[in-house]
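Okay, so here's the structure we're looking at.
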Amino acid sequence: MGGSLNANHLMFLGYGALWTIGLSLIGLLGGGVAGFIVALCRISPNRTVRVLSAGYVQLIQGTPLLVIMFLTYFGLPALGVTVSPLMAAGASLTIFVSAYLGEIWRGCFESVPKPQWEAAEGLALSRSQRMMKVILPQAIRIATPPTVGFMVQIIKNTSLASVVGFVELARSGQIINNSLFEPFLIYTIIAVIYFVLCYPLSRFSHRLEKRGGPARIELEVA
Amino acid sequence: MHKITRTDNASSVVGLSNVHKSFSPLKVLNGVSFEVNRGEVLVLIGRSGSGKSTALRCIDRFETIDSGEIVVCGHRVSDPKLDLRALRQDVGIVFQSYNLFPHLTIEENITLAPCSVKGIAKAQAKEQARRVLAQVGLEDKLHQYPEQLSGGQQQRAAIARSLAMQPKVMLFDEVTSALDPELTGEVLKVIEALAADGMTMVMVTHEMGFARGIANRVVFMHHGKVHETGSAAILTSPATPELAQFVGTGL
């Protein structure tokens, strides 16, 4: 029963892999925008904003992504809001990513040496001008390696969307396995595909880090 | 060495009266008063921790004070409703660590504030950048990045960046402390030229020889107070034993 692995199965896996990439991009873009706002809130001069955003980060970082997925997919309909698997997975990833990127980026903003902020202040630049023209360009240089590294986490975490019925790579593997009963073969293929997606990003992140090293030291001296 | 001749109606540019400030529980400024008139060079000296840098930073509101009054170019710095950006357009500050923006060329460093704060046209700002760079002897460094310059050049570029905002008073916070003697010399020459042009300046420095040559007034700070003040002559004939000991070790 079930037959053997054929081109159609591989096509199906490829389709799943595309959705994994798509979902990752949704998570990165949504979480990136939200995370940028979180990072700005975390360094806000307003104490209330800082405390609230810190609480948000703690709450999300202390909650498994799986539970966030359950909450959006099964919890929201109970409150009368129906969501598709794509919406649930995309929203959950966005929330999850925003907390982590927000925190990574806050650290990057704060690692721009304090005298740089002071020099910008001394030149009468407004807060938004200081941010956009002095701090952000330097923070982006510092933030790139860890952000690319975190994209690996996003890709791997999209596999959790399979529990809300979203057919990405892991879920498409499960479906094929249900008919072929070749778990070792199929999950090996799945693992290899994940690796192929993630490894170049890891390498890229390491390379950026090496190149960014001297730049960061020079920033501290300057 | 040149000296600015003070006129009788010389107007006060910077005035501190009875300023108190503590980084709890440490009392850093304990009733500090001094005044700087237009065209004057006031040099703040004293041991590390005597409060001289804090006093300087209070002038540009990088520190807030606990009590007393500071008036700078007509701005009441001690007023909580102070228009900070207006104050900082009138005051230029140069730090020990240069603090040029590493992602911008020297020209961009200099034109940034005039363009974004004063709304000066790009072409005009670039023209001005060339002028202030020539003033500090760096007109050939326009398109280089800070990291390509020596420490002394970076500090001169930082001075040029401040000058481009056409401040009414310049503050120098130990601007040569990170430099070797040779580089120190080239920075001090720039500051001397500024003084000769009549720029009002307040500077914290450990260069006693330089202070003697340039200061219209010397303020010696000790334990958060103005311990002795007078013309540059007090550096050679101090009245108090503390200043005598300080210049004795400082020379």
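The values are calculated or read from the model by the stated rules, or taken from the named source; none is laboratory data. Predicted model only: the values in this text are computed from it and were never measured. Cβ sites come from the backbone with ideal geometry, for glycine too, and all protein chains shown count toward neighbours. Note: areas computed on protein heavy atoms with side chains; ligands, DNA, RNA excluded. Shrake-Rupley method; radii C 1.70, N 1.55, O 1.52, S 1.80 Å.
Given (1) surrounded by fewer than 18 Cβ atoms within 10 Å (Cβ to Cβ); (2) under 30 Å from B:P241 (Cβ atoms), identify the lone condition not met by B:L42.
Status for B:L42: all satisfied but (1).
Residue-by-condition table, conditions (1) of a type in the set (K, R); (2) at pLDDT 95 or above; (3) open to solvent by 40 Å² or more (accessible area, probe 1.4 Å):
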site	(1), (2), (3)
A:L25	no, yes, yes
A:P45	no, no, yes
A:Q58	no, yes, yes
A:L76	no, no, yes
A:V97	no, yes, no
A:G102	no, yes, no
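Just checking, does region A:110-124 include any residue being without any contact (Cβ under 8 Å) to a residue 40 or more places away in the chain, within 13 Å of chain B (Cβ to nearest Cβ) and not in a helix (DSSP H, G or I)?
yes
For region B:163-241, which strands (runs of 3 or more DSSP E) that fit wholly inside it have 2 or more residues that are open to solvent by less than 10 Å² (accessible area, probe 1.4 Å) and not charged (D, E, K, R)? If you could, list the steps in order and put the result at the bottom.
Details: elements: B:169-173, B:200-204, B:217-222, B:225-230.
Because the criterion is at least 2 residues that are open to solvent by less than 10 Å² (accessible area, probe 1.4 Å) and not charged (D, E, K, R), the strands (runs of 3 or more DSSP E) in region B:163-241 that meet it are B:169-173, B:200-204, B:217-222.
For the list (1) assigned to a strand (DSSP E or B); (2) at negative phi; (3) more than 9 Å from every other protein chain (Cβ to nearest Cβ), I need the number of the one condition that B:L56 fails.
(1)
Could you say which residue among B:V77, B:V71 is open to solvent by 20 Å² or more (accessible area, probe 1.4 Å), more than 9 Å from every other protein chain (Cβ to nearest Cβ) and farther than 28 Å from A:I140 by Cβ?
Just a single option satisfies the conditions, and that option is B:V71.
With (1) closer than 16 Å to A:I190 by Cα; (2) in contact (Cβ under 8 Å) with a residue 24 or more places away in the chain; (3) assigned to a helix (DSSP H, G or I) as the list, and A:L5 as the residue in question, which single condition is left unmet?
Tallying (1) closer than 16 Å to A:I190 by Cα; (2) in contact (Cβ under 8 Å) with a residue 24 or more places away in the chain; (3) assigned to a helix (DSSP H, G or I), A:L5 fails exactly one: (3).
What number of residues in region B:5-22 are more than 21 Å from B:D90 (Cβ to Cβ) and modelled with pLDDT of 90 or more?
Final tally of qualifying residues: 4.
Residue under question is B:I65, and the condition is that it be more than 24 Å from B:P241 (Cα to Cα), open to solvent by less than 70 Å² (accessible area, probe 1.4 Å), in a loop (DSSP other than H, G, I, E, B) and away from every other protein chain (no Cβ under 14 Å); does it hold?
Against the criterion (more than 24 Å from B:P241 (Cα to Cα), open to solvent by less than 70 Å² (accessible area, probe 1.4 Å), in a loop (DSSP other than H, G, I, E, B) and away from every other protein chain (no Cβ under 14 Å)), B:I65 qualifies.
Given the conditions (1) open to solvent by less than 40 Å² (accessible area, probe 1.4 Å); (2) more than 14 Å from every other protein chain (Cβ to nearest Cβ), report the number of the one that A:M87 does not fulfil.
The one condition A:M87 does not meet is (1).
All but one of (1) at pLDDT 95 or above; (2) in contact with a Leu (Cβ under 8 Å, 6 or more places away or on another chain); (3) more than 14 Å from chain A (Cβ to nearest Cβ) hold for B:E139, so report the exception by its number.
(1)
Would you confirm whether or not region A:29-36 contains a residue that is crowded, with 16+ Cβ neighbours inside 10 Å, in contact with a Gly (Cβ under 7 Å, 6 or more places away or on another chain) and not in a loop (DSSP other than H, G, I, E, B)?
Yes - at least one qualifying residue is present in region A:29-36.
Got a sec? Which of A:L5, A:L18 is at pLDDT below 95 and under 22 Å from A:S162 (Cα atoms)?
A:L5
If you scan region B:14-50, which residues turn out to be outside any strand (DSSP E or B) and either among the small types (G, A, S) or touching a residue at least 40 places away in the same chain (Cβ under 8 Å) (or both)?
Across region B:14-50, the qualifying residues are B:S24, B:R38, B:G39, B:E40, B:R47, B:S48, B:G49, B:S50.
Test of understanding: among A:V81, A:V67, A:V51, which residue is open to solvent by 50 Å² or more (accessible area, probe 1.4 Å), modelled with pLDDT under 95 and either of a type in the set (V, I, T) or part of a helix (DSSP H, G or I) (or both)?
Of the residues listed, the single one that is open to solvent by 50 Å² or more (accessible area, probe 1.4 Å), modelled with pLDDT under 95 and either of a type in the set (V, I, T) or part of a helix (DSSP H, G or I) (or both) is A:V81.
Here's the yes/no breakdown for (1) surrounded by fewer than 21 Cβ atoms within 10 Å (Cβ to Cβ); (2) in contact with a helix residue (DSSP H, G or I) (Cβ under 8 Å, 6 or more places away or on another chain); (3) within 14 Å of another protein chain (Cβ to nearest Cβ); (4) touching a residue at least 24 places away in the same chain (Cβ under 8 Å):
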site	(1), (2), (3), (4)
A:P137	yes, no, yes, no
A:T147	yes, yes, no, yes
A:T158	no, yes, no, yes
A:V163	yes, yes, no, yes
A:F181	yes, no, no, yes
A:L185	yes, no, no, yes
A:Y194	yes, yes, no, yes
A:Y199	yes, no, no, no
A:S202	yes, yes, no, yes
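Can you name the residue in region A:42-77 that is among the aromatic types (F, W, Y) and closer than 12 Å to A:A89 by Cα and, of all such residues, is farthest from the chain's Cα centre (by Cα)?
A:F74
For region A:125-135, give me each residue that is open to solvent by less than 20 Å² (accessible area, probe 1.4 Å), in a helix (DSSP H, G or I) and at the interface with chain B (Cβ under 7 Å from one of its Cβ atoms).
Result: A:V134, single match.
For region B:85-132, name all the residues that are surrounded by fewer than 18 Cβ atoms within 10 Å (Cβ to Cβ), of a type in the set (A, V, I, L, M) and facing another protein chain (nearest Cβ under 7 Å).
B:V117 - this is the single residue of region B:85-132 that is surrounded by fewer than 18 Cβ atoms within 10 Å (Cβ to Cβ), of a type in the set (A, V, I, L, M) and facing another protein chain (nearest Cβ under 7 Å).
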